[in-house]
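See below for the structure under consideration.
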Amino acid sequence: MNILRILAQIAILFAFSFIGGLLHTYLHIPLPGSIIGLILLFLALCANVFSVKWINQGAGFLLAFLPFLFIPTLIGVINYPELLSNKGFLLLIVVVISTIITIGAAGRASQYSENKSKRRQEEK
Amino acid sequence: MTQILIALFIISMTILIYLGMNYLYNYFPSPFLVPMMTTGIVLILLLISFHVSYDTYLIGGKWINSLLGPAVVALAYPLYNQRQILRKNIKPIMAGVGIGAFTGMASGALLSFLFGLNKVMILSMMPKSITAPVAMEVSSELGGIPAITVVFVLIAGLIGAIFGPILLKLFHIKSSIGKGIALGSASHALGTSKASEYGELSFSMSSVSMALTAIIGAIVGSLIPLFF
């Protein structure tokens, strides 16, 4: 059964997130538990101790519905009507300018590094 | 018992509205009709018109929230699938994502500070370039408000999706790798869907950048409290 397999695989992803949470709490790793779980799963997959077939359908399902999952949090803005005031407008401007700068910086930096390593290869 | 019924009702309403908005988006694929945003607006209007509090909504909403942890872990899957591309282009990826993650957080915080916004808003602003489920976690660890962070994340994504092509031209970013990394590290999933229009390589670069920005953002976010 496909649905059962997806549910079982989501349970596995849950377990990684849960273990990450335990490491966060008891080993005082400052990262969020889910991020620790992500890193653990990635390392387990790369080290071949864990087969990608055990999580591919569950992961694919969750990522396909990812935008759905943060709707309950998004609706929380209902408690912050001040976002519709002048302050909200300032915040909007900050997000716009900062995102434009970030696109420029990330793109230029990667392009620069790419061209540099290309040139080095050509010189060889 | 009534709690369970309320929860089931809220969850089914949220799913139905989301599916409806998804259907609408498939017909009119405009960035202004992104299902997450339209679903949010419809639900907020419903809650206000029927005088339902956010706490009541959360009786069902918290069940949806509980899937966020596994969804973040699931990001390991695309990262693993792209591991060869990641290894082959490790230098431009790390340069772009590292500088992108830093610029995204620092410029957001600095501009908010210059505009005289308060500390909670500055902290809610910092994780805006990170994919929403991780941004929410980082925001609450920093002491920001996750709900407000999600709004910023949504806007950052929309800017990449709407103005991405113009901005890439403006900054003379011509390589497929650069385009993908720029959109993925500044505008997460929405930027990545735009990057897919530049071909397979841009798309892969963008999804790798999105996952790495989330990891780097979470690491930087966890270090910030040590300095302030």
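The values are calculated or read from the model by the stated rules, or taken from the named source; none is laboratory data. In this text the structure is predicted, and so the values were computed from the model without any measurement. For neighbour counting, all protein chains shown are included, and Cβ atoms are generated from backbone atoms with ideal geometry for every residue, glycine included. For the accessible areas, the whole protein counts, side chains as well, though only heavy atoms, and no ligand, DNA or RNA atoms are used. Shrake-Rupley method; radii C 1.70, N 1.55, O 1.52, S 1.80 Å.
Residues that are under 21 Å from B:Thr131 (Cα atoms) and within 7 Å of chain B (Cβ to nearest Cβ) within the stretch A:40-57 comprise A:Leu41, A:Phe42, A:Ile55, A:Asn56, listed in sequence order.
Only one of these conditions is not met by A:Phe50: (1) assigned to a helix (DSSP H, G or I); (2) surrounded by 15 or more Cβ atoms within 10 Å (Cβ to Cβ). Which number is it? Failed condition: (1).
For the stretch B:18-72, the set of residues classified as aromatic (Phe, Trp, Tyr) and either under 18 Å from the mean Cα position of the chain (by Cα) or within 26 Å of B:Glu137 (Cα to Cα) (or both) consists of B:Tyr18, B:Phe32, B:Tyr54, B:Tyr57, B:Trp63, listed by residue number. Screening B:Gly143, B:Gly184 for residues that are assigned by TED's automatic domain parsing to the domain that holds B:Leu111 and either farther than 18 Å from A:Ala109 by Cα or under 9 Å from the mean Cα position of the chain (by Cα) (or both) leaves exactly one candidate, B:Gly143. Taking the listed residues A:Phe89, A:Phe70, the one that is of a type in the set (Phe, Trp, Tyr) and facing chain B (nearest Cβ under 7 Å) is A:Phe70, with no other qualifying. Cβ-Cβ distances below 8 Å connect the following pairs, each with a first residue in the stretch B:136-152 that is among the aliphatic types (A, V, I, L, M), a second residue that is part of a loop (DSSP other than H, G, I, E, B) and crowded, with 22+ Cβ neighbours inside 10 Å, and a separation of six or more residues or different chains: B:Met136/A:Phe70; B:Val138/A:Pro32; B:Val138/B:Ile130; B:Val150/A:Phe70. What number of residues in the stretch A:103-114 are open to solvent by less than 10 Å² (accessible area, probe 1.4 Å), in contact with a Phe, Trp or Tyr (Cβ under 9 Å, 6 or more places away or on another chain) and under 19 Å from B:Thr131 (Cβ atoms)? Residues that pass the stated criteria total 2.
From the list B:Leu43, B:Leu16, B:Leu8, the one residue that fits, being over 24 Å from B:Pro165 (Cα atoms), open to solvent by 30 Å² or more (accessible area, probe 1.4 Å), in a helix (DSSP H, G or I) and free of Cβ contacts under 8 Å to residues at least 40 places away in the same chain, is B:Leu16. Does at least one position in the stretch B:24-31 carry a residue that is assigned to a loop (DSSP other than H, G, I, E, B) and open to solvent by 60 Å² or more (accessible area, probe 1.4 Å)? Looking through the stretch B:24-31, at least one residue is assigned to a loop (DSSP other than H, G, I, E, B) and open to solvent by 60 Å² or more (accessible area, probe 1.4 Å). Could you tell me which residue of the stretch B:88-112 is farthest from A:Tyr112 (Cα to Cα), considering only residues that are open to solvent by 70 Å² or more (accessible area, probe 1.4 Å) and under 22 Å from the mean Cα position of the chain (by Cα)? Here the answer is B:Leu110. When A:Pro32, A:Pro67 are checked against the criterion of being open to solvent by less than 10 Å² (accessible area, probe 1.4 Å) and not acidic (Asp, Glu), A:Pro32 stands alone in meeting it.
Taken over the stretch B:173-182, the residue count meeting the criterion of being open to solvent by less than 10 Å² (accessible area, probe 1.4 Å) and at the interface with chain A (Cβ under 7 Å from one of its Cβ atoms) is 4. Please work out if B:Leu75 is over 26 Å from B:Gly180 (Cβ atoms) and either over 20 Å from the mean Cα position of the chain (by Cα) or at the interface with chain A (Cβ under 7 Å from one of its Cβ atoms) (or both). So B:Leu75 fails the test. In the stretch B:98-137, how many residues are among the β-branched types (Val, Ile, Thr) and facing chain A (nearest Cβ under 7 Å)? Residues meeting the conditions: 3. Which residues, taken from the stretch A:20-34, are farther than 22 Å from B:Thr213 by Cα and among the aliphatic types (A, V, I, L, M)? Selection gives A:Leu22, A:Leu27. Just one of (1) within 22 Å of the chain's Cα centre (by Cα); (2) open to solvent by 10 Å² or more (accessible area, probe 1.4 Å); (3) of a type in the set (Val, Ile, Thr) fails for B:Ile85. It is (1). Pairs needed: first member in the stretch B:180-208, among the hydroxyl-bearing types (Ser, Thr, Tyr); second member anywhere, part of a loop (DSSP other than H, G, I, E, B); C-beta distance under 6 Å; at least 6 residues apart or different chains. Listed by first residue and then by second, the contacts come to B:Ser204/B:Gln82.
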